Every structure is written in structure tokens, then in C-alpha cells.
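Here is the structure we will look at.
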Amino acid sequence: MQYLTEYDLNAIDNNTFRVPRFLFSGSYQKISADSKLLFALIMERQSTALDELGKESGYSLTLMKKCVKELTKAGLIQVQDPLILITQMRRIL
């Protein structure tokens, strides 16, 4: 049996991001898992360019459009050419 070393745990910790718990309750519960993960990536940076986000997430253009539309409709993000900005985060958290 192989165990994780402290080095392994640090490497894992440095390559992770958090998905906010509030996305799994209330009206946000109906948001797709893809959109929730995309939101977590956006939240990590507070704002990001759409093309950078597509490269990092590995999502297709069609899926990106669907997720951005879903997150915008939920009031979680705002799109301002060409940046995605998080809105209302202080009110939510």
C-alpha cells in the first residue's frame, strides 16, 4: 500500500480550488455541475477573460456559452466584453 507524503499533499493543495457550499442549496441547487465548477474557477481569479477560461477549463465553446448563460441568469456573474466578473459575491457570502 502506498501512502501520500507531505510533499504529495502540498502539491494537491496547491492545485485545487473550492466550490462554494451555497451553490448546493436554495435556488442555486438547480445550476448544473459544469456551471458550478466554472463558477469556482472564475471565483478563484475574481475576473477572467473568456478565452483564458476556456483553455483552463477544457470546456467546449458550446458548453462555455451554456454555463455562462446559466450563471448570468442566476445573477452570479456579469459579462462585460471580454471579461467575466463576479457580481453580488459580498452579499451572498
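The values are calculated or read from the model by the stated rules, or taken from the named source; none is laboratory data. A quick note: this is a predicted structure, and the numbers were derived from the prediction, not measured. Neighbour counts are summed over all protein chains in view; Cβ atoms, including those assigned to glycine, are modelled from backbone coordinates with ideal geometry.
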By residue number, the members of region 30-45 that are modelled with pLDDT under 90 and either in contact with an Asp or Glu (Cβ under 8 Å, 6 or more places away or on another chain) or loosely packed, with under 11 Cβ neighbours inside 10 Å (or both) are 41
Flagged in region 20-67 as closer than 14 Å to residue 79 by Cα and among the β-branched types (Val, Ile, Thr), in numbering order, are 42, 48
